[in-house]
Each structure stands twice: as C-alpha cells, then as structure tokens.
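*Asks:* Got a structure for you, written out below as structure tokens; questions coming shortly.
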Amino acid sequence: MFSLHRSHSLELTSDILERIESIDDLPPIYKRPPQQRVFVNTDLRMDKIHFVGFDMDYTLAEYISPAYEELSYVMSVEKLIEMGYPEEIKVLKYNPQFPIRGLFLDTSTGSLLKVDSYQYIVTAVHGHQVLSPHEILRAYPSMQVQHNEIGKRYHLMNTLFNLVDACLYADLVDFLEKKSKIKADECGLCEAPDLPEGGIYSETLDISFQNLFSDVRYAIDWIHNQGNLKRETQANFPKYIHNKGQSLSLLLHRLKQAGKKTFLLTNSGYSYTDAVMKYQLQGAREDYPDWKDYFDYIIVGANKPKWFSEGSTLREVDLETGALKIGSIREFQKGHVYNGGSLNQFQNLTKAYGPRVLYVGDHIFSDIIVSKKVHLWRNLLIVPEITHQLERLRATKHIEKRIQTLVYLFGESFRGLNSESAQPPDLSILRSKIKEKLHLLNEAFNPYFGPLFKAGLKQSFFSMQIRRYADLYSSHVENLLNYPFFYYFIPISYGMPHEFQIIPQIAQSEDVLADDSSSSSSLLSSTSSSSSSTSIGPSAISNPRLSFSSPSKNCSQ
C-alpha cells in the first residue's frame, strides 16, 4: 500500500497516481478553519472568472450589529409616531435576540413563521407568543406556506435589513394587542384561513395586520431613502460600520493583479456610496490614491432587482455636484461613476456575459437568485450570521450528538418489522426525548426561532435557498483572500439514498466545527437535512442530515 502525507499543495505525477490504490492511501482532506472558509454548493473555477462584482451594503460595507439595527429601529418608531401611532410606542426597543432571517410574515394572522425547505410551518410566533403545535394546526390546517401566496399574504424577511422589520412588527402587534386588551385568538389568528384581513379591532383601535405591515414597511423605507439614517451613519462611521480597509484593499488589489476586472454595483446613491467607500478604502494603499481606482466600473443607484431586467436610464454622475448628467454613454471610463442602467447595457459596454462574472452580495433574491436564474452569473453570497452559528454549533455538539442517537434508536425500533407486523412500536418516550433535546438546541441559538439553517431536523427555507441558488457562500467577502484566484471550488457530492448502500463516501462523516485543517465541506450540510438521508437504519447515527417525521405529523400526533 502506498502511503501519502503532505502539509502543502500536492503535486500529482503519473507515478504517484499509479501507486495510489484507494482513498485509504490519501491524506486527510485539507480544509481551512471554518471562520476563514468559502463554502461550496456548485463547482466554480476561478480561472474562468474574468469579472468580479460587489454589492456595497452588508458586503463591502459590513454594518455593526446590533448598533445599526438599533438606530434604524428608533428612527422607524419616530416615523410611525409622525404617521399617527401613539407616543407610547417610544418605549419599544430593538431586541437582537428575537429576529432571524428567512422568516415569513403572515399579514392575515400577524404572525412570524419559520418554515422548512418544503414550506411546512415549524414555528409560529404571534407578537412575542410562541404558538403551540395545536394552535399552529388550528390557524394553518395545511401546515404549509402556500407558494402562490408568497408576496401576497406572506412576505419573506430574507435580508439583514429585514431584521428591523420583523422585530418592530412583532413588537407593535404585542403592544397594540395588549393596549386594546385583545387576545390573539380574538383578532383573526384562529380564523385566519377564512379571514383574509385579520387585525386588531376594539372600541379604541381598528387596524388590520396587512395595514400594520404596510405602515412598518413605509416607515423603514422612508428612513432609508428620505430620512436621517444615512446621515447619522455617516456622522459616526466607526460606530456603525466595520473598517476593513486593509483586507478589502488587499483583496481588490490582488484581484486586479490576477487580471480580473472589478466592478461595484450598488443600490445606494452616489453621495452615500462615496462616503462609505472613502471610509473603507481611501488611503489604504499608496498605489490607489482614490477609492474609485480599485474598480474598473462603478454603478450606483442600480435599483436591483429591476436592474437585471428592464432597468432604468444609464446616466453619468457629476462627481462635484452629485447631479446626473444627460447624454449618451458609449463606454465606461475608469474613475467615472454611473447611475442606473440595466444588465443589457452593462453587458454591451463591458462584454461581461454569464458565467464569466462572479457577483458578491448579501441579498438572496436581488443579488443571487435573479442574477443566476435569468443571466447565469456565478455568485458568492455573504452570510455574516455564519460566525455566530458556528459558535453555537460548537457549544451544542453534545446536544446534536444526543439527537442523532435518539433518531438512530427511533429507526432501530422498526428493525425486523414488515407488512406482516400488526403492532407498531411504542415511540412516545423517544418522541418526547427528541422534542426535549430539540427545544434545548433551539434555545441555544435563538429562544424564539432556533438555528438559522435548521427547522426542526430539516433544512430551513433560508438554508434551502442558499443551497439551491448560491454557488458559494461565506461569512465575509475578504475570505476570498484565503484562496488562489485559479482555485477550483468543488462541493462534496452526497449522491442518492440508494447509492449510500454500495458506494463509500470520502467524507460521509463531516466535522465543520474543527479548528484544524481536517474539517469538511459545508456548514449547510452539517446543520441541516438532506434528501440523501431520508431512510432510517443502522448507518443513521453517523449522518446528521436525518429526518424522522414531517411537521404535519408532529402536530397531528
């Protein structure tokens, strides 16, 4: 047997390849520490990427949490009071322990819903009240968020900006219901399927949950677009934005050294973009005296996702006044800034087509889904929450292992039974124990909604979106510095369930939490269910992606 050991890159000669007989001859899989990694869902060759684009907010400019959300929350409350809401709501405060991304807001019942990858409702919170499985079943007999109602009745809170939306909406529901002395089941919660506009109705207050949501959205949009949020942020950048000038400037410099064209594509206007980029990049390197020198093309006021379809008029920005010039743009000039436009115009002027482009952003829909599904751009999704999720995973490994053991025993309870068996095993104790451990696990992440990437024993809807649409994902954009720009990102293939019975997996048992270089491929894989692991048997104990029942069965039993 040929034994192979290495600590640096592996040079594979024909002689070595001939002498390697099996995977047992290979060294441990090399993986960077998880906090420095770019995780992989789809093959991506960096040497085939010729253009690398960046969003600004929450991508190049990483806002400091919870300080930034607290500022947004306070300003939104002030705007709501201007709109006629009672002065008493000034007592409301942003709670960073409450909201997570990927929740659905039901404008019929006024509840926030966490669903799994099949859109089954796992958790429902009305105001600050976590509903029991029986209450969920009464309000949602199908136990699902219907796909054709998304964007109508159900609104997805899938951006970091939406954390304030979710928290403020829930706080207002709780506050206004208590103020009106109305219980949740008296204001449309239990009659939601038959009452499309449930709300808070009393002698002193009449407001539907839909109108409450519209008011919250209007107030938050107003402070972002017309209010003082950007001015307050600019007045105190160190309090609200991480200064990552050294790492960002190095990343952009090395991309240019590697022959990549770089561009900035942001929805923010020029004045704010200029201030933020100066704070981040101006003076970071002597060979780039102006922040605009880092980019080949700069587009502000893009209005994504509309930019990826019909777009708007492309106009050059007057750098002295910020005004938009009227004229015909035949080419992008380095150091100049442009406003609006569309993908078609961008492609015609830059020749940046399809899979030659890697776009880095934080918005799962505007940055990732639209650019990939319609235009085949490759993408890297920034998910800052990964850092906290990894910390919690380390702290709860013992609970996760216990859950895996219990699920294994659940499967073993059916050993030897077939169609002749008439008496089912008594699983009540196991169900109770699994429920108890899942509750402990959820509490360790978020007392209301649990882990970001899991819903019970399955993938959360947010996790499914990342898995399906994001080619790559990472906690910070500067993690790209840890890879050569000819790197070949390759995901681990888990195959179909029937293939696990015969074909061994090189990395079937993963440990994404390891701090050394032997850890594995994907945070989503280690924290969520996979269709490759739906059967229950003796091998289940080694596979954390196991599911033992659907949410609808849990509630009915």
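*Asks:* Quick check on my filter: what residues within the stretch 99-158 are of a type in the set (Val, Ile, Thr) and closer than 23 Å to Asn442 by Cα?
*Replies:* Ile100, Val115, Ile121, Val122, Thr123, Val125, Val130, Ile136, Val145 - these are the residues of the stretch 99-158 that are of a type in the set (Val, Ile, Thr) and closer than 23 Å to Asn442 by Cα.
*Asks:* Determine whether Ser342 is modelled with pLDDT of 95 or more, of a type in the set (Gly, Ala, Ser) and closer than 30 Å to Leu319 by Cβ.
*Replies:* On the way: modelled with pLDDT of 95 or more: yes; of a type in the set (Gly, Ala, Ser): yes; closer than 30 Å to Leu319 by Cβ: yes.
For Ser342, the condition - modelled with pLDDT of 95 or more, of a type in the set (Gly, Ala, Ser) and closer than 30 Å to Leu319 by Cβ - is met.
*Asks:* Could I ask something else about it? Of the residues Glu70, Glu78, which is surrounded by fewer than 23 Cβ atoms within 10 Å (Cβ to Cβ), within 30 Å of Glu232 (Cβ to Cβ) and within 25 Å of the chain's Cα centre (by Cα)?
*Replies:* Glu70
*Asks:* Here's a follow-up. Before we move on, is Gln97 in contact with a helix residue (DSSP H, G or I) (Cβ under 8 Å, 6 or more places away or on another chain) and at pLDDT 80 or above?
*Replies:* Spelling it out, it is not the case that Gln97 is in contact with a helix residue (DSSP H, G or I) (Cβ under 8 Å, 6 or more places away or on another chain) and at pLDDT 80 or above.
*Asks:* Let me ask something else. Against the definition (under 26 Å from Lys48 (Cβ atoms), of a type in the set (A, V, I, L, M, F, W, C) and open to solvent by less than 30 Å² (accessible area, probe 1.4 Å)), how does Trp291 come out, yes or no?
*Replies:* no
*Asks:* Which one of the conditions (1) over 30 Å from Arg231 (Cβ atoms); (2) assigned to a strand (DSSP E or B) does Leu105 fail to meet, given that it meets all the rest?
*Replies:* Condition not satisfied by Leu105: (1).
*Asks:* When the residues of the stretch 454-485 are filtered to those that are open to solvent by less than 10 Å² (accessible area, probe 1.4 Å) and among the aliphatic types (A, V, I, L, M), which remaining residue is nearest to Asp47 (Cα to Cα)?
*Replies:* If we take residues in the stretch 454-485 being open to solvent by less than 10 Å² (accessible area, probe 1.4 Å) and among the aliphatic types (A, V, I, L, M), then Leu480 is nearest to Asp47 (Cα to Cα).
A quick yes/no check of all residues on (1) among the hydrophobic types (A, V, I, L, M, F, W, C); (2) at pLDDT below 95; (3) surrounded by fewer than 16 Cβ atoms within 10 Å (Cβ to Cβ):
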residue: Asn442; (1), (2), (3): no, no, no
residue: Met496; (1), (2), (3): yes, yes, yes
residue: Ile502; (1), (2), (3): yes, yes, yes
residue: Ile506; (1), (2), (3): yes, yes, yes
residue: Val512; (1), (2), (3): yes, yes, no
residue: Ser519; (1), (2), (3): no, yes, no
residue: Ser528; (1), (2), (3): no, yes, no
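*Asks:* Restricting attention to the stretch 115-170, and to residues there that are among the polar types (S, T, N, Q) and open to solvent by 40 Å² or more (accessible area, probe 1.4 Å), which single residue is farthest from Val74 (Cα to Cα)?
*Replies:* Ser142
*Asks:* Pull up the stretch 312-322, narrow it to residues that are part of a loop (DSSP other than H, G, I, E, B) and not hydroxyl-bearing (Ser, Thr, Tyr), then point me to the one that is most open to solvent (accessible area, probe 1.4 Å).
*Replies:* The selected residue is Glu320.
*Asks:* Can you pull out the residues in the stretch 410-429 that are surrounded by fewer than 17 Cβ atoms within 10 Å (Cβ to Cβ) and assigned to a helix (DSSP H, G or I)?
*Replies:* Glu412, Ser428, Ile429
*Asks:* Sort through Tyr240, Tyr270 and tell me the only one that's in contact with a Gly (Cβ under 7 Å, 6 or more places away or on another chain), of a type outside the set (D, E, K, R) and open to solvent by less than 50 Å² (accessible area, probe 1.4 Å).
*Replies:* Checking each option against the conditions leaves just Tyr270.
*Asks:* Which residue is nearest to Ala470 (Cα to Cα), if the candidates are limited to the stretch 363-378 and must be open to solvent by less than 10 Å² (accessible area, probe 1.4 Å) and not polar (S, T, N, Q)?
*Replies:* Going through the qualifying residues, I end up with Ile368.
*Asks:* If the Cβ limit is 9 Å and pairs must be 6+ apart or interchain, which residue in the stretch 335-352 that is assigned to a helix (DSSP H, G or I) pairs with which residue that is among the aliphatic types (A, V, I, L, M) and modelled with pLDDT under 95?
*Replies:* Sorted first by the residue in the stretch 335-352, then by its partner, the pairs are Leu343/Val374.
*Asks:* For the stretch 448-481, enumerate the residues that are part of a loop (DSSP other than H, G, I, E, B) and modelled with pLDDT under 95. Show your work before the answer.
*Replies:* Taking the stretch 448-481 as the starting set, the residues that turn out to be part of a loop (DSSP other than H, G, I, E, B) are 448-453, 456-457, 470-471, 475-476.
Those that are part of a loop (DSSP other than H, G, I, E, B) and modelled with pLDDT under 95: Gly456, Leu457.
*Asks:* For residues in the stretch 182-228 being open to solvent by 80 Å² or more (accessible area, probe 1.4 Å) and modelled with pLDDT of 95 or more, which is nearest to Glu149 (Cα to Cα)?
*Replies:* Selected residue: Asn211.
*Asks:* Only one of these is out of contact with any Ser or Thr (no Cβ under 8 Å at 6 or more places or on another chain), at pLDDT below 95 and not aliphatic (A, V, I, L, M): Lys437, Lys372. Name it.
*Replies:* Lys372
*Asks:* Tell me, please, whether a residue that is closer than 17 Å to Asp171 by Cα, aliphatic (A, V, I, L, M), open to solvent by less than 40 Å² (accessible area, probe 1.4 Å) and without any contact (Cβ under 8 Å) to a residue 12 or more places away in the chain can be found in the stretch 100-114.
*Replies:* no
*Asks:* Here are Lys401, Lys437: which of them is open to solvent by 10 Å² or more (accessible area, probe 1.4 Å), in a helix (DSSP H, G or I), farther than 19 Å from Val115 by Cβ and touching a Lys or Arg at 6+ places or on another chain (Cβ under 8 Å)?
*Replies:* Lys437
*Asks:* Could you say whether any residue in the stretch 294-311 is open to solvent by 20 Å² or more (accessible area, probe 1.4 Å), outside any loop (DSSP other than H, G, I, E, B), of a type in the set (A, V, I, L, M) and under 16 Å from Leu60 (Cα atoms)?
*Replies:* no
*Asks:* Contact list please: Cβ distance under 6 Å, first residue in the stretch 126-148 and assigned to a helix (DSSP H, G or I), second residue not small (Gly, Ala, Ser), pairs at least six apart or on different chains.
*Replies:* Pro133/Cys555; Ile136/Ile121; Leu137/Cys555; Arg138/Cys190; Ala139/Thr109; Ala139/Leu189; Ala139/Cys190
*Asks:* Right, something else. Report, ordered by the first and then the second residue, all pairs with beta carbons closer than 7 Å, sequence separation of six or more or different chains, a first member in the stretch 363-381 that is without any contact (Cβ under 8 Å) to a residue 60 or more places away in the chain, and a second member that is open to solvent by 20 Å² or more (accessible area, probe 1.4 Å).
*Replies:* Filtered contacts from the stretch 363-381: Leu376/Pro355.
*Asks:* Moving on to the next point. Looking at Ser268, Ser214, can you tell me which residue is touching a residue at least 60 places away in the same chain (Cβ under 8 Å) and of a type in the set (Gly, Ala, Ser)?
*Replies:* Details: Ser214 fails: touching a residue at least 60 places away in the same chain (Cβ under 8 Å).
Unique residue meeting the criteria: Ser268.
The values are calculated or read from the model by the stated rules, or taken from the named source; none is laboratory data. Worth saying up front: this structure is predicted, and the values here are computed from it rather than measured. Positions of Cβ are generated from backbone atoms using ideal geometry, with glycine treated the same way; all protein chains shown enter the neighbour counts. When the accessible area is computed, the model is the full protein with side chains, heavy atoms only, and any ligands, DNA or RNA have been set aside. Shrake-Rupley method; radii C 1.70, N 1.55, O 1.52, S 1.80 Å.
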